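The values are calculated or read from the model by the stated rules, or taken from the named source; none is laboratory data. Owing to the predicted nature of the structure, the values given are computational and were not obtained by experimental measurement. Positions of Cβ are generated from backbone atoms using ideal geometry, with glycine treated the same way; all protein chains shown enter the neighbour counts. Protein only, heavy atoms only, side chains kept; ligands, DNA and RNA dropped before computing areas. Shrake-Rupley method; radii C 1.70, N 1.55, O 1.52, S 1.80 Å.
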Amino acid sequence: MAFVALIMCFAVPSTASPKAHPGLVDPKPVDVVGDDEGDRFVGSGGLVLPGTVGHETRQRVATCVGCRWRLADPCASSADDGAHAACMSVTRGCARAAQLLRVWLSEDGGATWRDLGLVCIPPGGPVTIAQVGSSVSEEFERAIPATGLTYQPRRGVLPYLPVIFHSTQPSELPPSNHVINGVSVTLYPRPSWTWDFGDGASLRTSVPGSTYPDLAVSHTYSRGGRMQVRVTTSWSATYLIDDLGPFQVSLPVTQMASAILPVGQARAVLVP
């Protein structure tokens, strides 16, 4: 445990408070600027505060897409307005060379700021929702199974008899856990399938396909010919960051598989 000097500041925080944004949040790219001289960071958008801060505050700051924030030295005032805080020194630890900084949040473009208290920030700087979201997309793509296309019966497909199709994928994926930028991330994928049967008919469904005798994903052709069958799988996902969120993966993943299905001609045969 490394010990640093903690400065307790008796400054009156502004009355502005962060607003919660319920529902899914689609993180936007954000620049984080480090100020070595002031030993602070400034940025905008969702910010991941450490677990020493109350969960409600962490959730509101993480999902506050339009907010601005400053991580300043412990004696910093709410803005560069000439105000000074009276300080006294005590001792507290920040592990692994983390920096002890004061969090200021603004919802109104910097006109007013709210003091959220002191936090330990890792040596690499603060973690933003946008930074994590970029890496989550890569983990998401790696977690998705390949798609294929099978059909039954494999031979002797005839008009007016159902053909059963399957994408060879599971109906759902369980949540997966990851560590990204030093924070825990839980990913929740959701697939859907769109079938083009090659004769102008299509089907959108939440199941990956079926096998005999299940006809959930099946099609009956009214004529013979060589049908170009195509299945498109669309994967979306939400995720939690240290139990904060949920957030929406910004770019869905699309997969495609196709096959040529020969549909024969049915012939009437007179049996004496």
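Each residue in segment 45-65 was checked for being assigned to a loop (DSSP other than H, G, I, E, B), loosely packed, with under 15 Cβ neighbours inside 10 Å and either without any contact (Cβ under 8 Å) to a residue 60 or more places away in the chain or within 17 Å of the chain's Cα centre (by Cα) (or both), and 1 pass.
Taken over segment 67-99, the residue count meeting the criterion of being assigned to a loop (DSSP other than H, G, I, E, B), modelled with pLDDT of 85 or more and open to solvent by 60 Å² or more (accessible area, probe 1.4 Å) is 1.
Just to be sure before I move on: is Thr186 under 30 Å from Arg60 (Cβ atoms) and open to solvent by 10 Å² or more (accessible area, probe 1.4 Å) in the structure I sent?
On the way: under 30 Å from Arg60 (Cβ atoms): yes; open to solvent by 10 Å² or more (accessible area, probe 1.4 Å): yes.
In short, yes.
Only one residue in Val207, Val163, Val157 is farther than 30 Å from Leu49 by Cα, of a type outside the set (S, T, N, Q), assigned to a loop (DSSP other than H, G, I, E, B) and open to solvent by less than 20 Å² (accessible area, probe 1.4 Å). Which one? Outline the logic, then answer.
Working: Val207 fails: open to solvent by less than 20 Å² (accessible area, probe 1.4 Å); Val163 fails: assigned to a loop (DSSP other than H, G, I, E, B).
Exactly one of Val207, Val163, Val157 is farther than 30 Å from Leu49 by Cα, of a type outside the set (S, T, N, Q), assigned to a loop (DSSP other than H, G, I, E, B) and open to solvent by less than 20 Å² (accessible area, probe 1.4 Å), namely Val157.
Listed residues Val229, Val269; which is modelled with pLDDT under 95 and either exposed (fewer than 13 other Cβ atoms within 10 Å of the Cβ) or hydrophobic (A, V, I, L, M, F, W, C) (or both)? Spell out the reasoning first.
On the way: Val229 fails: modelled with pLDDT under 95.
On inspection, the qualifying residue turns out to be Val269.
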